[in-house]
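Input: a single structure, listed below in structure tokens.
Rule-based calculations on the coordinates, nothing more; no lab input. Note that the coordinates shown come from a computational prediction; the quantities given were computed from them, not determined experimentally. All Cβ positions, glycine included, derive from the backbone under ideal geometry; neighbour counts span all protein chains shown.
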Amino acid sequence: MLAAEPDLAAALRERALGRLRALPAGAAARAEETLRAWLDAHGDVAATAAELHVHPQTVRYRLAGLRDVLGGALDDPAARLELAVALRFTPRLP
């Protein structure tokens with residue numbers, strides 16, 4: 001449905017991920033990459049760290065930053081689903 005409705009996909013991206021744009025470009029790209037890997041790993045920090053080739057503590061640190069930016073979205077199942085879907089229809093940040 002989102003692929004057929006680009007305006008709807010853009011609105012979802014903005015609602016779910018728009019706050020990441022407030023970060024500096026490099027930090028926003030790392031945040032998006034970490035969020036994508038963490039959601040794909042179903043919240044498993046060790047699996048996320050392995051995917052990103054970083055230490056698990058680095059993932060925890062990045063998640064703390066994401067919590068600051070995204071508020072309670074990482075703890076809300078519906079918001080996590082929205083984030084995961086939005087990431088699928090978002091070009092990766094440079």
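Select from A78, A16, A47 the residue whose mean-square fluctuation is largest in a Gaussian network model of the chain (Cα-Cα springs shorter than 10 Å).
Looking only at A78, A16, A47, the largest GNM fluctuation is found for A78.
Looking at the P(r) of the chain, how many percent of alpha-carbon pairs lie beyond 19 Å? Show your work: numbers first, answer last.
Details: 1612 of 4371 pairs.
More than 19 Å apart: 37 percent of the Cα pairs in the chain.
From the square roots a ≥ b ≥ c of the eigenvalues of the alpha-carbon gyration tensor of the stretch 1-51, which class results: rounded (a/c under 1.5), prolate (a/b over b/c), or oblate?
Taking the square roots of the gyration eigenvalues as a ≥ b ≥ c, the stretch 1-51 is oblate.
With point charges of +1 on the Cβ of Lys and Arg and -1 on the Cβ of Asp and Glu, referenced to the Cα centre of the chain, which listed residue (A9, L35, L83) lies farthest in the positive direction of the dipole?
So the residue we want is L35.
Once both labels are modelled 7 Å past Cα along the beta-carbon direction, what's the D75-Q57 spacing in nm?
Between D75 and Q57, the label points sit 2.4 nm apart.
How long is the gain from F89 to A47 if the chain were fully straight, where each residue apart is worth 0.36 nm and the alpha carbon distance is subtracted?
Result for the pair: 12.8 nm of gain on full extension.
Taking the radius of gyration and the Kirkwood hydrodynamic radius from Cα positions alone, what is the Rg/Rh ratio for the stretch 28-68, to two decimal places?
Answer for the stretch 28-68: 0.90.
By how many nm would the segment from A11 to A64 lengthen if fully extended, with 0.36 nm per residue of separation less the alpha-carbon distance? Don't jump to the answer; show the numbers that get you there.
Working: separation 53, 0.36 × 53 = 19.08 nm, distance 2.55 nm.
The A11-A64 span can extend by a further 16.5 nm.
Can you give the convex hull volume per residue for the Cα atoms of the stretch 42-94, as a whole number of Å³?
Per residue, the Cα convex hull of the stretch 42-94 comes to 94 Å³.
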